[in-house]
Amino acid sequence: MTSLLIDNIGELTTNDDGVEVGGRLHNAAIVIEGERVAWVGAAANAPATDEQFDAGGRAVLPGWVDSHTHMVFAGDRTAEFEARMAGETYAAGGINVTVDATRAATDTALSENLARLIAEARRGGTTTIETKTGYGLTVDDEVRAARIASEHVDAVTFLGAHVVPRGSDPTAYLDLVTGPMLAAVAPHVSAVDVFCETGAFDEVATRRVLETARAAGLATRVHGNQLGHGPGALLAVEYGSLSVDHLGFLSPADFDALAGSWSGWEARSGSSPRGTVATVLPACDLSTRMPLAPARELLDAGVVLAIASNCNPGTSYTSSMGFSVATAVLQMGLTITEAVRAATLGGAIALGMHMDGWIDPRGITQAAVGRIAPGSRADLQLLEAPSITHLAYRPGMPLTSAVWRAGTRVM
Ligand code: NIG
């Protein structure tokens, strides 16, 4: 097994509370062996290796973990975006436009579009990607989306409960989603999501989706509190969902429930019991002109936070985690260290990938992601900058200089 030393790192962010001093290490080095990190420490103490990479005094951090995307789609919603920028309100109606385009697309077209988006994300430093179904909304189209996704990404989530497709009876569609559709898609996915919102699925329907998912042995997530106040966050906590995502409209009770779900848990050990991650989607909040999720207040309340891109053609057509992190700092009041942690370790916790031994969609057992620590998957990015501060200080600049995923240089 080849070993690689990355040394002369100007600033190293590890997310490993056991190693990191003051949040960031200086004059550090990393040794990668095969797919994993083997050693992290002061450059002066680095062991001998087969190969060496000089980081040139630049910053190294974990690869981004993008825990919320909808990348299996066809078509374009530029007109809807323009109307929104001219004052229209986002109300989820455009989902059916993408459903029509996606159903009409060939497998090859969907697969190529997904590969294109993943390549974009990799160039921006993303090394772990979750994506959802939800633009098929028939048994065959949802299975197809899940199957195609599972060939490309690290986690696939079933989102048959995205909206009721045009022309369908809501009760009959819920029966389909929680019955034959879930059964057919289950072999390809690790989690089930539901869009709990006025105009999508109400509390009763959301409970049914979460209950049937749990009975099928699948993890759950909730799209909640995106367009207004609602029961999404409370239901996510009640059902032990891995995450609740969006969160522009939260009540004091939502804060209490989310914070309560984390009491007694320490990220350092990664041990159970664990709570429901609050996933904020800054690019989506901007693109829909919705209130920014209260990321600062969530962190202050003790909630574990993730930042994700929500890459999709309707509400957030970007896979840029760098942009999301910069926005979280510039607009949501996070420090750069908090934002980077939420976009790496936070995403990993939201996906259940922060510990060794998770299984990817191809059935391969994987090492922990979201940290740079001995034993973790060697997913890291080198910035064309001396510190992670530049991610927010120089927003919009292409600062990713090199990316390693599972020990292999991918950019
Ligand atoms: O996360 N909110 C629901 N789903 C997506 C949007 C999908 C769309 O409009 O196409 C989201 O924002």
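Tell me the helices (runs of 4 or more DSSP H) entirely within segment 313-398 that contain at least 1 residues that are within 16 Å of the ligand (Cβ to nearest atom).
Answer list for segment 313-398: 321-332, 347-351.
Taking the condition of being surrounded by fewer than 23 Cβ atoms within 10 Å (Cβ to Cβ) and either within 16 Å of the ligand (Cβ to nearest atom) or outside any helix (DSSP H, G or I) (or both), how many residues in segment 195-229 meet it?
Selection size over segment 195-229: 12.
If you scan segment 122-146, which residues turn out to be surrounded by fewer than 24 Cβ atoms within 10 Å (Cβ to Cβ) and either closer than 23 Å to Arg214 by Cβ or among the hydrophobic types (A, V, I, L, M, F, W, C) (or both)?
Within segment 122-146, Val139, Val143 meet the criteria.
From the set of residues in segment 356-379 that are over 19 Å from Thr131 (Cβ atoms) and under 16 Å from the mean Cα position of the chain (by Cα), which is surrounded by the fewest Cβ atoms within 10 Å (Cβ to Cβ)?
This residue is Ala368.
Yes or no, residue by residue, for (1) within 18 Å of the chain's Cα centre (by Cα); (2) within 16 Å of the ligand (Cβ to nearest atom); (3) of a type outside the set (Val, Ile, Thr); (4) at pLDDT below 95:
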| residue | (1), (2), (3), (4) |
| --- | --- |
| Ala155 | yes, yes, yes, no |
| Leu159 | yes, yes, yes, no |
| Val163 | no, yes, no, no |
| Ser168 | no, no, yes, no |
| Pro180 | no, no, yes, no |
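Quick one: is Pro386 within 17 Å of the chain's Cα centre (by Cα) and modelled with pLDDT of 95 or more?
Considered against the rule, which asks whether it is within 17 Å of the chain's Cα centre (by Cα) and modelled with pLDDT of 95 or more, Pro386 comes out as no.
Return the total of residues in segment 270-292 being buried (at least 24 other Cβ atoms within 10 Å of the Cβ), assigned to a loop (DSSP other than H, G, I, E, B) and more than 12 Å from the ligand (Cβ to nearest atom).
2
The values are calculated or read from the model by the stated rules, or taken from the named source; none is laboratory data. Values in this document were obtained by computation on a predicted structure and should not be read as measured data. Every residue, glycine as well, gets a Cβ built from its backbone with ideal geometry; the counts of neighbours run over all protein chains shown.
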